[in-house]
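Working notes, beginning with the structure itself.
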Amino acid sequence: MQNSRQVPQVNTVKKKMPPKPCLVSVGDSWLTAGRYMLGIDGVIVCDDIPTLLLGLGKLFAAYYNFNISYPLEVTGLLEFIQRCFVGINPDRGSKIQWWCTSKGPVSY
């Protein structure tokens, strides 16, 4: 999640956005921000999200609807939130990227 204090700084935030979906907060802190924006591939696709909870819902929807794997740095956390709190439990598969070794894929 990225933080943007003022609207003129939004262009700077856009340049720093990762290619994966991300939630950008507009305010002093991501917990107390007045609004949030959803960015995908450096483009703000939804710019007036009023609450953090709604923003997180849109973030998960973006990953799931566009079939994008989670970033390696937060894969376990997002998979846990997806399954335990959001209630998305696929019968097969995962949003986790698998690493292959000589013995085959490594799973968690």
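Would you call Asn89 loosely packed, with under 10 Cβ neighbours inside 10 Å and either at positive phi or modelled with pLDDT of 90 or more (or both)? Don't jump to the end; show me each part of the working.
Working: loosely packed, with under 10 Cβ neighbours inside 10 Å: yes; either at positive phi or modelled with pLDDT of 90 or more (or both): no.
It is false that Asn89 is loosely packed, with under 10 Cβ neighbours inside 10 Å and either at positive phi or modelled with pLDDT of 90 or more (or both).
Of the residues making up the stretch 32-51, those that are in contact with a Leu (Cβ under 7 Å, 6 or more places away or on another chain) and of a type outside the set (Val, Ile, Thr) are Tyr36, Leu38, Cys46. Scanning the stretch 1-41 for residues that are at pLDDT 65 or above and among the aliphatic types (A, V, I, L, M) returns Val13, Met17, Leu23, Val24, Val26, Leu31, Ala33, Met37, Leu38, Ile40. Residues in the stretch 28-53 that are loosely packed, with under 13 Cβ neighbours inside 10 Å and hydrophobic (A, V, I, L, M, F, W, C): Leu31, Val43, Val45, Leu53.
The values are calculated or read from the model by the stated rules, or taken from the named source; none is laboratory data. Keep in mind it's a predicted model, so treat the numbers as computed, not measured. Ideal geometry is used to build each Cβ from the backbone, glycine not excepted, and the neighbour counts take in all protein chains shown.
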